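No value in this document is a laboratory result; all are computed from the given coordinates. Bear in mind the structure is a predicted one, so any value in this text is a computation, not a measurement. Note: ideal-geometry Cβ built from the backbone for every residue, glycine included; neighbour counts use all protein chains shown.
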Amino acid sequence: MQGGGLVEIYAFDTSLADWQQVVDRLGETNRISSFESDRDEPGINITDGTFTEDGDVHATLMVNVGKQTWWTSFLSPDFIDFQGDPDVVTTTEDLHDIVEFMKEIASTTRKQVVLIPESVLPRETKHFFRVNPDGSTEA
């Protein structure tokens, strides 16, 4: 896939409701491996306070994608983002697992989801491939 850095999955132009729907769906499909928050609340309720402010991470969600672990630090309600380690993507099955995870996000949000190399400008970064809301994929 790539040497060094992370790979990232993004869905853009999202809302708090989109985030909550994705988190709920990931819970239903038993993908969530851990959730840590500096708020003392039961469950995973996505609010404005969930998101990173001025570099301070308030919550982290880890999910299982096949044998891989992907995570988010809730950077913004405006995009859904997950990061993964490309070094553990070693088989076609690993890549298939990523695509299925992306399809889950795309179908839940009804938004296109892209896989890109790690970037501070994700909207401007050329994607490896994308998954459309209908589940179709494009390079």
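Observations on the structure shown:
- Mean residue ellipticity (222 nm) of the chain, computed from DSSP H runs ≥ 4 via -39,500 (n - 2.57), nearest 500: -7500 deg cm²/dmol
- Charge context of GLU138, other residues only, Cβ under 15 angstrom, K/R +1, D/E -1: +3
- Choice from GLN83, GLN20, GLN112 showing the highest fluctuation, given a GNM over the chain with Cα pairs closer than 10 Å: GLN20
- Computed from the alpha carbon positions, the gyration tensor of the range 4-71 leads to an equivalent ellipsoid with semi-axes of 19, 16, 14 Å, biggest first.
- Placing +1 on each Lys and Arg Cβ and -1 on each Asp and Glu Cβ, with no other charges, gives the chain a dipole about its Cα centre of roughly 500 debye.
- Projecting the Cα atoms of ALA11, GLY49, VAL23 onto the charge dipole of the chain, computed from C-beta unit charges around the Cα centre, puts ALA11 farthest toward the positive end.
- Net charge, HIS58 excluded, C-beta distance under 9 Å - Lys, Arg +1, Asp, Glu -1: -2
- Using θ = phi - 60° in the Karplus curve 6.51 cos²θ - 1.76 cosθ + 1.60, the 3J(HN,Hα) couplings for the range 101-116 round to 5, 4, 4, 4, 5, 4, 6, 6, 8, 6, 10, 5, 10, 10, 10, 9 Hz; x is entered for Gly and Pro.
- Rounded if a/c under 1.5, otherwise prolate or oblate - the range 83-139, Cα gyration tensor axes: oblate
- Per-residue extension of 0.36 nm, minus the Cα-Cα distance of THR69 and HIS96, leaves a gain of 8.3 nm for this segment.
- Rounded FRET efficiency, nearest 0.05, which uses the C-beta distance separating GLU53 from GLN83 and R0 of 22 Å: 0.70
- Couplings 3J(HN,Hα) for the range 82-94, derived from phi with the Karplus relation 6.51 cos²θ - 1.76 cosθ + 1.60 (θ = phi - 60°), are 9, 10, x, 9, x, 5, 8, 8, 10, 10, 4, 4, 4 Hz, where x marks Gly and Pro.
- Bins of 10 Å, starting at 0 and running to the largest distance - Cα pair percent for the chain: 12, 46, 35, 7, 0
- Here the relative contact order of the range 1-133, from alpha carbon pairs under 8 Å that lie six or more residues apart, stands at 33 percent.
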